[in-house]
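Structure first, then comments.
None of the figures in this text is laboratory data; all of them are computed from the coordinates on show. Here the structure is a predicted model, which is why all the values come from computation and not from measurement. Neighbour counts are summed over all protein chains in view; Cβ atoms, including those assigned to glycine, are modelled from backbone coordinates with ideal geometry.
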Amino acid sequence: MSLLAAAVFCAAAACAGEQPKHLGLAANAGLTGGGPGGSAPGTATAPGAGPSGVTPADGAGQGAAGGAGSGGGSGAGAAGPVPAGGGEAAGSAGSGAPGGRGAAGAPAGAPGAGSAGAAGATGSGGATGAGGPRSAAGARAGAPGAGTAGAGTAGAGNGPAGAAGTAAAPAGGNGGATDVGVTADTIKLGGFFIESGPVGELGITLLKSVKAVFNEVNAAGGIYGRKLAIVDCDTSFTSGDKPRACYTKLTQQDKIFAFAATGDGPAWVTAAPLACKDQIPALWTDGLSQNEFTCPTIFPTGPAGRSQSHVVLDYYINKLHPKTVGILAQNDDIGNEWLTGAKDVLNKYGVKVVSEQKYNLGETNFTTQVTNMRFANPDFVFFSSEPLGPILFQKTAEGQGWKPPMPSAGVTCNVSVWPKEVGDYSKGMICENPWQLTSAHLPGQVEYERTYKKYWADWDKRNYYTETMWIAAKATVETLRRAGPNLTRARLLEVLRSGAFNGFDTGFGVKFSQHSSATGNLFSIAVAVVEVAKPADEDPYVLLQAPIPDPYFTAG
Amino acid sequence: MELYTQLVVNGITNGAVYGLLAAGFVLVYRASRVLNFAQAGMGAFGAYVLFDVMKGSDAGTGRYIGGFALGVAVAAGLGILTERLAIRPLRRAPALAPLIATVGVLLLLQTLIILRWGGDLRSIPNPLPKKPWRIGRIVGLHSVVVNQSAVLILVVMVLLVSALALVVTRTRWGLTIRSISDNPAGAAGLGVRVGRVSGQAWALGAAVGAVASLLAASTTILNPYTLFLLQIKALVVGVFAGLKDLRLCLIGGPLLGVVESLAGSRILGHQIAGLSDSVGFFALVALLLLRAGTITETLGDTRAS
């Protein structure tokens, strides 16, 4: 089976078949295809996904590279006016068949659901139907050799993440222990979480978000009769020894099925190469580390760090036209990721970096950095960093009676502890947010609030990281559901790489836009821009710009 | 010129906290021959008590002084408890045992703090002045400023460490401390209640360290971990003082602060991230080499028995 054959699903026309240079993904997707067509029998027995199914079934008509797909998915969204098909199936074989009909009679809520590759040219890898409705400018549908396995993906409308996401056990049983970490009763999922250290209090809410989702699913019976068990390991927002030890524990001692909905970017700097080498799927990581985007078996949820810098700085410079900037950067891989993105934009507009100050996580005295920056006299300060350093930086700057002429900008002021601790000094600063603000009360956000409050009392500690993990957990549930009862790692990867999550609605104002190749996966490039308007308020932010795709996300 | 003047001013005021912490560290060492790494935890605990008192208040001066006194008292109490429960039972154990015990107490205190207050960032509402003084104007360096709170900490450090040095060198109690430091067995033979005096020194040392911790936490931010790094720097200053001479803490703290501050700036056109914090460790190694004789003498196996 050529399950890992590359598939490219570019929702944006501009990226047709190409990969972003800055993500280090392959420039020419589809090169690794050419294996035999998928031969996995269609297992599309899962019930449908999102209840509303209002999302166009991007990538419809995919798959079907010759396999013995056994027919359409059995269900879609309950409402689901989803246009079926639509994939520009230019491949020579097995054009994606229209999906099966939804359980509620909705027309084909699944993207190529069932993918009955009837005419699959076995062994030729004749790819079919890559791309989707939005690939008008020519998604490279049917690129030779870009065949995806013809395993029938479960009926899957890309409805909002608020879907219930449970699935009843099949009458004949769920197959029992189908792979490592899977039994008839449970699916053991592992995750790196920040549970101690300088940002431990912030980090623990990420785990709580994941548990809220899993608790809800388990209470409803689990997925095909299996309960979800999250095995967390505290990596304390660090790279190196801790994540290495956690990786070993989770994979060798706990024997997890996969990493899922896991939120510690620095930990992934260390763990990603290990998981990649061992081919242990990591579904819906937080996306903070660049390493998460350079492995075909890792599937990040949020936008890359440099995309966050791109969007916020592009907005800022176009609005305020600064000439000089001082940068405070966290001195590690994550900080460098944000910093690289920042410099892309600063170079483009010719904004001069007059001072670049770095600090190590855990540093508590910022008088030197503030002094160096103050004497360089930049128009504004940009923070390529986690929140703790900049909070101390701003408090110190206030103590020196210094405030730059223009408001600050950064990538993490959307953690409410920042304006609360710094107060009015932080007023007017701008930063990114990967999703719509929760104050938008979108359907997914409403469900998020309801469910989180049901299990935990600290709703006030929510922030965009917790939102990302919530979305990640919802996507995890959906992935497992779509993988069907006969759950294996190979099947999981097949589902994730099939493009079935292209257009997946996070419920937070962003739909996934999948870019997958043999060297990495990317699902979200959208970033919003927010401003600290009322630092003392429970909700101190206003939305300046709704999530937009990273304008620096270029093809070629 | 103005930049480097500002960095020196920053260093002196930053170093005041190191000097004050080091004084508490040295005092405890003189009385019991134990490096008290738990001091950071005791100070942090006291700071959280102050936080509880000030939480949600209008940051009134009276309330702050009351909360400050309570926080220092709690830290002193923790010092007594630590000496009585973790150190005294190890009096005859190898020298490493009580040191490890203080690390254990530190971890215990950090855990208790997290259980009681969580690991989140906290700000202590306080009436300390937040504005800078433009001290550079006097000499035409208009950009050179000093934060008023930092000046207050510096003044407190000078007064407190000087007073402590006087107490140790000029009072009967100080004489007792010196006697059990120099010859604990002999002092005990002369009827000095070594354990009791040691306990008092632990209380006083913890209290002095807590003053530094509470002031540092009030002017920056509080979480269970940030004060520990300060403790390491206090160790550097303590070694500079030969773990003996409190007066040297007055100089050592600001000196380390200035070195750190300058190390964080551009040196020969290059700026090295993390050098500012690392320079203290280089200094520690250098001091141990340069002052090997003094340190060895001080660290001699003459622990109270």
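Just to confirm the filter: which GluC sites (Glu not before Pro) across the stretch A:482-553 are DSSP coil and have at most 13 other Cβ within 10 angstrom of their Cβ? Before the final figure, lay out each step's value.
Values: sites: A:494, A:531, A:538; in loops: A:538.
Qualifying residues, ordered by number: A:538.
Using a simple spin-label model with points 7 Å from Cα along the Cα→Cβ vector, what separation in nm is obtained for residue B:52 and residue A:183?
Here the modelled spin labels are 4.3 nm apart.
Give the angle, between 0 and 90 degrees and rounded to the nearest 10, that separates the Cα long axis of helix B:172-182 from the longest principal axis of the Cα atoms of chain B.
70
Taking every DSSP beta bridge that has both residues in the stretch A:176-313, what percent is antiparallel when rounded to the nearest 5?
Within the stretch A:176-313, antiparallel bridges account for around 10 percent of the total.
With the crude spin-label approximation of a point 7 Å out along Cα→Cβ, what separation in nm comes out for residue B:288 versus residue A:439?
5.4
Residue farthest toward the positive end of the dipole of the stretch B:2-291, with Cβ of Lys/Arg at +1 and Asp/Glu at -1: which of B:150, B:287, B:189?
Checking the options against the dipole of the stretch B:2-291, the answer is B:189.
Hey, if you put +1 on the Cβ of every Lys and Arg and -1 on every Asp and Glu Cβ in the stretch A:277-369, which of A:311, A:347, A:279 ends up farthest toward the positive end of that dipole?
A:347
To the nearest 500 deg cm²/dmol, what mean residue ellipticity at 222 nm is calculated for chain B from DSSP H runs of n ≥ 4 alone, each contributing -39,500 (n - 2.57), summed and divided by the residues?
-23500 deg cm²/dmol
Expressed as a whole number of Å, what is the distance separating the alpha-carbon centroids of the stretch B:164-218 and the stretch A:341-402?
Each part's Cα centre sits 43 Å from the other's.
PRE reach from residue A:241 (point 7 Å along Cα→Cβ): which of the stretch B:39-77 fall under 17 Å by backbone N?
Counting backbone N atoms under 17 Å from the label point, the list is empty.
Count charges around residue A:204 for me, please; just the other residues with Cβ under 14 Å from its Cβ, Lys/Arg as +1, Asp/Glu as -1.
So the surrounding residues net to -4.
Which pairs in the list B:55/B:131; A:249/A:358; A:453/A:534; A:319/B:130; A:277/A:343 are over 29 Å apart, alpha-carbon to alpha-carbon?
Over 29 Å Cα-Cα: A:249/A:358; A:319/B:130; A:277/A:343.
Report the net charge of residues surrounding residue B:199, where surrounding means a beta-carbon distance below 11 angstrom and charges are Lys +1, Arg +1, Asp -1, Glu -1. Spell out each step's value before the answer.
Values: positive: B:84, B:88, B:193, B:196; negative: B:83.
Spelling it out: positives minus negatives among the neighbours equals +3.
So for the stretch B:141-287, taking the charge dipole from beta-carbon charges (+1 Lys/Arg, -1 Asp/Glu), which of B:275, B:218, B:262 sits furthest toward the positive end?
B:218
For B:1-7, what's the mean count of beta carbons from other chains sitting within 10 Å of each residue's beta carbon?
3
Kirkwood-based Rg over Rh for the stretch B:2-291 (C-alpha set), two decimals? Kindly include the intermediate steps, with their values, before the conclusion.
Numbers: Rg = 19.2 Å, Rh = 19.5 Å.
Radius of gyration relative to Kirkwood radius: 0.98.
Given R₀ = 25 Å, what would the calculated FRET efficiency be for residue B:5 paired with residue A:352, taking r from the Cβ atoms and rounding to 0.05?
Approximately 0.45, to the nearest 0.05.
Net charge near residue B:233: determine it from the other residues with C-beta under 15 Å of the C-beta of residue B:233, scoring Lys and Arg +1 and Asp and Glu -1.
Net charge around residue B:233: -3.
With only Lys, Arg, Asp and Glu charged, each at its Cβ (+1 for the first two, -1 for the last two), find how big the charge dipole of chain B is about the Cα centre; round to the nearest 20 debye.
For chain B, the charge dipole is close to 620 debye.
What average number of partner chain Cβ atoms lie no more than 10 Å from the Cβ of the residues making up B:136-147?
Average per residue, whole number: 2.
Using 7 Å Cα-to-Cβ label points, what is the residue B:232/residue A:454 separation (nm, one decimal)?
4.5
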